[in-house]
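Read-outs: derived from the displayed coordinates by stated rules, not from any lab. From a predicted model like this one, the values you see are computed outputs, not experimental measurements. All Cβ positions, even for glycine, are placed from backbone atoms using ideal geometry, and neighbour counts span all protein chains on display.
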Amino acid sequence: MLELLLKKVELTREKMIQVALEKGVSDKETIELSKELDRLLNEYEIKEKRK
């Protein structure tokens, strides 16, 4: 489960960086991806503490 979550984190991070490079860091899509990345990282941290 944690491995899948880490994969999602990496994919979201890579996509966010690519979108930021193409559209800028203040573009709506970049911000939405950043929020999703934050959510995934928070979820990972919570699950990691429960181990």
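Observations on the model:
- Rounded to 10°, Cα long-axis angle of helix 28-49 versus longest principal axis of the chain: 10 degrees
- Relative contact order of the chain: 44 percent, from C-alpha pairs under 8 Å at least 6 residues apart in sequence.
- Estimated inter-spin distance, Lys8 and Glu22, nm [label 7 Å along Cα→Cβ]: 2.3 nm
- With bins 5 Å wide beginning at 0, the percent of Cα pairs of the chain falling in each bin runs 5, 23, 27, 19, 13, 8, 4, 1.
- 0 to 90° range, to nearest 10: angle between helix 2-23 axis and the chain longest Cα axis: 10 degrees
- Order of Arg13, Arg39, Arg50 under a 10 Å beta carbon neighbour criterion, fewest first: Arg50, Arg39, Arg13
- Ranking of Val25, Val9 by count of other Cβ atoms within 10 Å, fewest first: Val25, Val9
- Estimated 222 nm signal from helices in the chain, with DSSP H stretches of n ≥ 4 weighted -39500 (n - 2.57), rounded to 500: -30000 deg cm²/dmol
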